[in-house]
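What follows is a short report on a single structure.
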Amino acid sequence: MRTLIAALLLLLTLATPVRAESAPPTGCGFQTLGTLPLTGATTAGAAMDRGRVYTVTSSASGPAVLAVRNAADARLVSEHPLPLALGSWAVTVAPDHSVYVGSYNATAGAMGRLFRFDPATGKVTELGIAAPGETFVWTVAAAPGASAVYAGTSPNGKLIRYDTRTGRLSDLGSPVPGEQFIRDLAIARDGTVYAGMGAQSMKVAVLRPDGTPIRVIDPPIQGSGYAYDLDVIGHRLLVRFATSTGVNPMGVYDLRERRWEHVVDDVDSLTVGGGRRGHQVYLVQNDQLGALDLRSGKVRPTGFTDLGGGAARPLGWRGDVLVGTSSTGRMWHYDRRTGKGRMFESTVTGQHVSIRSMGNGPDGRVYAGGFFTGGLAAYDPKTGESQFWPNVGQSEGIVTHRGKLYLGVYPGARIYSFDGATPTQLLSLSDQEQDRPFAMISAGEWLAFGTVPKSGTVGGALGLLNPDTGQKVIRRNLVPGHSVIGLAYRDGVVYGATSAFGGISTPQDTAAKVFAYDIAADALKWVTAPVEGDLALGSITFDDAGRLWGLTPDAVFEMDPVTGQTLRTAKHQTYPWATATQVWLDTNLEFHNGMLWGKVQGKAYRIDRATLAVTLIARPISNLLKGADGHLYLSRFENFYTYRVC
């Protein structure tokens with residue numbers, strides 16, 4: 001038996017994407033189901049130079065791919081893999097025409113890296129990890145004279161300098177201590193560095209080329225979020241703020257007078273400096289391209305709206321034609337003389353998308369949501385056939401309620417019904433600063449969901465929605481400062497598990513909680529901390545005897561659902577709570593066939609209720625679901641598996 005398990009573990013560890021089987025699996029134990037048809041072209045980072053557009057297409061398990069396209073017609077010129085990168089928001093062109101890319105990858109040993117592409121030779125050079133412990137390079141910007149390239153990172157908000165002559169990477173520290181992100185950078189002609197910070201203060205740090213702080217510019221607005229997009233245009237600094245309420249104003253700051261001249265309402269485009277022409281900057285507002293007059297602060301709509309969906313980036317001009325991209329892989333043109341625009345379909349190669357979430361559908365199929373690019377796939381255990389819907393957002397939660405499928409979509413904690421054709425939005429909690437509806441269950445006549453708030457804020461929510469009547473009940477901060485990440489239901493009571501983390505790196509409590517909420521009374525029955533010191537709990541579920549069970553990153557526990565008393569707890573492994581900066585949902589827990597089955601810390605276990613002993617059955621694993629057919633379904637990145645329980 002040990003030999004068989006070892007072989008299966010090796011199979012899962014080394015598995016590569018294969019075609020889905022044409023017939024459903026039979027027999028017992030593990031079988032690979034290949035990959036679900038979740039594919040897409042996510043191209044968040046982009047830059048343009050000398051008639052070429054450079055974008056990076058993200059990939060579920062890597063490598064991400066740098067694409068070179070013709071700016072005139074979107075024709076694909078070449079594609080180049082970026083080793084150990086999963087994707088990129090950070091692409092820039094240096095004065096010597098070298099293309100620099102900053103990547104992301106949270107896998108141990110991979111981290112956020114820097115790359116250089118030489119258009120003359122077509123060669124990609126990996127420059128190294130930006131800084132130890134930094135998993136995400138959000139932005140790169142080149143200094144005048146091509147002497148240095150700067151990078152901004154998370155989760156520790158560091159500024160990195162790459163010396164192009166020596167090849168040395170220098171960690172210049174965090175310009176605003178305590179902030180997790182440098183979300184964007186802009187470099188002035190004199191080499192002054194402007195760093196947009198987040199996820200709380202939205203400050204802009206002003207630094208000398210060696211990283212020495214000069215001063216900090218406070219935002220012209222209240223609240224929390226990011227100084228998301230920065231551009232220096234002459235004596236003005238443009239800063240687009242992404243706030244926790246979902247509103248994205250842009251400030252125009254006079255660098256000579258050291259004051260904010262204008263605040264422009266709700267700007268949606270990513271980079272705006274690429275659309276500069278004289279005193280005008282072209283940007284996206286209210287889903288259409290507009291021209292901002294920097295002197296008056298007024299925006300003139302152009303009427304052009306065919307920007308390819310996703311996030312738009314104006315990149316630069318080819319004569320009188322503005323060239324831009326969308327994060328969906330598309331490109332667009334806008335001719336300022338004619339006032340007409342054109343959108344080009346994506347010509348980059350689509351990549352596999354990681355499976356973000358899984359749930360059972362009303363038709364017995366297993367549904368899976370894609371990460372980042374989104375998309376929704378369904379797998380039929382009876383036939384082995386799969387289906388794909390590309391135009392669905394990133395589903396954090398999937399559940400069947402009263403014969404219909406519902407999706408909890410990021411951002412804005414949007415709840416959709418899905419009829420097999422198109423999703424229909426039922427509500428959004430963006431105005432309540434909520435983002436991620438991980439937890440979703442059917443609770444009698446109610447669809448119940450729990451959320452994590454937006455970056456920079458704390459206080460998740462428990463939501464109840466009656467899809468038949470439209471009635472909704474939203475209880476934010478039911479447990480003050482906590483996010484709601486796990487739900488279970490029985491006899492008119494919703495049971496919730498929390499994380500002490502919200503959208504910031506600081507936990508709001510010394511332990512996460514489990515609570516019981518009486519729907520009819522609209523009141524809490526009890527709140528308790530079942531595992532002292534655990535800052536996030538994860539999934540909870542009932543067994544066939546009515547006992548409530550929970551799985552945390554390092555413990556399994558049993559509770560009395562009537563009193564909230566913790567009956568038993570057993571540690572299954574260790575977890576670095578002392579250094580954890582953000583822990584939301586890291587567990588899946590199911591009761592089936594007399595056993596508990598759980599996924600935690602990338603491993604799948606069988607858990608004996610009598611002894612609380614855990615038996616490792618597979619690794620590495622990202623998601624686990626008990627299917628309607630009585631078997632388990634698992635995923636890792638884009639790979640899809642089943643464990644047939646016999």
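Nothing in this text is a laboratory measurement; each read-out follows from the coordinates by a stated rule. If you're wondering where the values come from, they're calculated on a predicted model, not measured in any experiment. Heads up, the Cβs are rebuilt from the backbone with ideal geometry, glycines too, and the neighbour counts pull from every protein chain shown.
The table that follows gives values for the structure above.
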quantity	calculated
Simple label model, 7 Å out from Cα along Cβ direction - Val216 to Glu532, nm	3.6
Directionally averaged shadow of the chain, computed from the convex hull of its alpha-carbon atoms, nm²	28.3
Length-normalised contact order for region 209-299 - Cα pairs under 8 Å, 6+ apart - percent	18
Environment charge of Arg436, counting only residues whose C-beta is closer than 12 Å and scoring Lys/Arg +1, Asp/Glu -1	0
Radius 12 Å from Cβ of Lys382, net charge of other residues (Lys, Arg +1; Asp, Glu -1)	-3
For region 58-70, Karplus couplings with θ = phi - 60° (6.51, -1.76, 1.60), whole Hz, Gly/Pro x	6, 9, 4, 10, x, x, 5, 10, 7, 10, 10, 10, 6
Nearest-20 debye value, region 141-200 charge dipole, Cβ charges on Lys, Arg, Asp, Glu	140
Under the Karplus curve 6.51 cos²θ - 1.76 cosθ + 1.60, θ = phi - 60°, whole-Hz ³J(HN,Hα) for region 156-165, x wherever Gly or Pro sits	10, x, 9, 9, 10, 10, 10, 7, 5, 8
Charge tally in the Cβ shell below 14 Å around Asp287, where Lys, Arg are +1 and Asp, Glu are -1, Asp287 excluded	-4
Table column - 3J(HN,Hα) (Hz), region 614-625, Karplus curve with 6.51, -1.76, 1.60, x for Gly and Pro	10, 10, 5, 10, 6, 7, x, 9, 9, 9, 9, 9
Contour minus Cα-Cα distance for Ala521 and Cys28 (0.36 nm per residue)	172.9 nm
Centre separation in Å (Cα based) which lies between region 408-478 and region 145-184	37
On Cα atoms only, tilt of 2-14 relative to the major axis of the chain in degrees	20
Relative contact order computed over the chain (Cα-Cα under 8 Å; 6+ residues apart), in percent	9
At R0 = 45 Å, FRET efficiency that the Cβ-Cβ distance of Thr563 and Val247 yields, to 0.05	0.55
Arg259-Val77 pseudo-label distance in nm [points 7 Å out on the Cα-to-Cβ vector]	4.6
Placed amide H near Gly456: partners under 5 Å, 5+ positions off or other chain	Gly503, Ile504
Among 559-572, 147-160, the order from most to least packed when residues are scored by Cβ within 10 Å on average	147-160, 559-572
Val264 long-range amide H proximity, modeled H, under 5 Å	Met250, Gly251, Val252
Theoretical FRET efficiency, 1/(1+(r/R0)^6), r = Cβ-Cβ of Thr338 and Asp544, R0 45 Å, to 0.05	0.05
Cα-projected label distance for Leu616 with Asp431, points at 7 Å along beta-carbon direction, nm	5.0
Test item: Cα-centred dipole of the chain, Lys/Arg +1 and Asp/Glu -1 on Cβ, debye	1200
Three principal axis lengths of region 283-423 [C-alpha, angstrom, descending]	60, 31, 21
Nonlocal amide H pairs with Arg436, under 5 Å, H built at 1.01 Å	Ala413, Val452
Lys, Arg +1 and Asp, Glu -1 on Cβ, resulting dipole of region 306-386 about Cα centre, debye, nearest 20	360
